[in-house]
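I have placed the structure first, in the form of structure tokens, so that the comments after it can refer back to it.
Every number here is computed from the coordinates shown, using simple stated rules; none is lab data. Since the model is a prediction, treat every value here as computed from it, not as a measurement. Neighbour counts are summed over all protein chains in view; Cβ atoms, including those assigned to glycine, are modelled from backbone coordinates with ideal geometry.
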Amino acid sequence: MQYWLDIKEGKGQLIAVTQEAVYAEAGAMNQLDAQAQRLKAGESPAQVFGKDATHVVLRSATKLSWSTADDELSFTIGSGKESKTESLSVDDVGIREQVYLAVQRVTDGRFQHFEDQYSKARAAFASALTLSIFALGTGIAVKAAIAIRSVDEYVVEGRRKGMKQLVVWVLDTLGPWGVGVMGALLCAMALLVLTTRLREPPFVRILQADRYSPQASWVTAVKYVMLAGLWVLMAPAAFL
């Protein structure tokens, strides 16, 4: 068994890896120090960790992934439609790597290790799509706000009348300038994420039983063609 204390701003998280499971529990440092001493004395993690602690049974896990784009170790439990994800946030990158390597050792023979370095184009796509949705949505919302304010009373009809009335009220209250400013802020946030991912494309480490194949470059190209198609279809409605 191995264990670590991940400390941040006076609080922390105790993490332990055994042959059977991964345990993690956050709390005050005095509590975690006491639990660490119990582990050091030879007590079982099942006895040391509380009922609310994260508990990943490794025989049920089918995948562990770790991306440099975030601070999480992501476990996939089960497979197919019944699968679920259990994420373990670890602030200290050194501890994160040690936990990953510990799981790799105890699953040796069942899991294979794979690495996937994203290209800049692949890394940027999700953020580019988000930025596009925000930009196009802002243009459409600004035009709607202008139309609403151009009449004395905007009549709402049809299904989901209550929801439509709420949208009309928000657009009328904010007005074109308010909608534009909010949309610009959202676009700026998406652009910041986009530039970060372009500057440092994610590097992903993966443990799983099945063979892992990185996304082919032609798939990324098709996604960008579809994104361009979205702009061709929606840009006239948003900006013309």
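Observations
- Computed over the alpha-carbon atoms, the range 2-110 gives an Rg to Rh ratio of 0.95, Rh here being the Kirkwood radius from the mean inverse distance.
- Over 22 Å (Cα to Cα) - which of LYS11/LYS40; LYS81/LYS223; LYS164/LYS223; LYS8/LYS120; LYS120/LYS143 fall in this group: LYS81/LYS223; LYS164/LYS223; LYS8/LYS120; LYS120/LYS143
- Ordering LEU227, GLY175, TYR212 by the projection of their Cα atoms onto the charge dipole of the chain, which places +1 on the Cβ of Lys and Arg and -1 on the Cβ of Asp and Glu, puts LEU227 at the extreme positive end.
- As a proxy for reagent exposure, VAL106, VAL232 were ordered by neighbouring Cβ count within 10 angstrom, fewest first; the result is VAL232, VAL106.
- Separation of alpha-carbon centers, the range 75-120 and the range 152-223, rounded to whole Å: 28 Å
- Rounded to the nearest 500, the 222 nm mean residue ellipticity of the chain from helices alone is -17500 deg cm²/dmol, with -39,500 (n - 2.57) taken per DSSP H run of at least 4 residues.
- Magnitude of the charge dipole, the chain, Cβ model with Lys/Arg +1 and Asp/Glu -1, debye to 20: 700 debye
- The value of relative contact order for the chain, using C-alpha pairs under 8 Å at least six residues apart, is 21 percent.
- Of the trypsin sites (Lys or Arg not before Pro) found in the range 76-163, those in coil by DSSP whose Cβ has at most 14 other Cβ atoms within 10 Å are ARG110, ARG159, ARG160.
- Rg/Rh for the range 68-165, where both radii come from Cα atoms and Rh is the Kirkwood radius: 1.24
- Gyration tensor verdict on the range 1-44 (Cα atoms; rounded if a/c is under 1.5, prolate if a/b is larger than b/c, oblate otherwise): oblate
- Proxy reagent accessibility, fewest Cβ within 10 Å first, across GLU86, GLU157: GLU157, GLU86
- Positive-end extreme of charge dipole, the range 1-95 - chosen from ALA41, GLY78, MET29 (charges on Cβ): GLY78
- For the chain, average projected area of the Cα convex hull in nm²: 18.3 nm²
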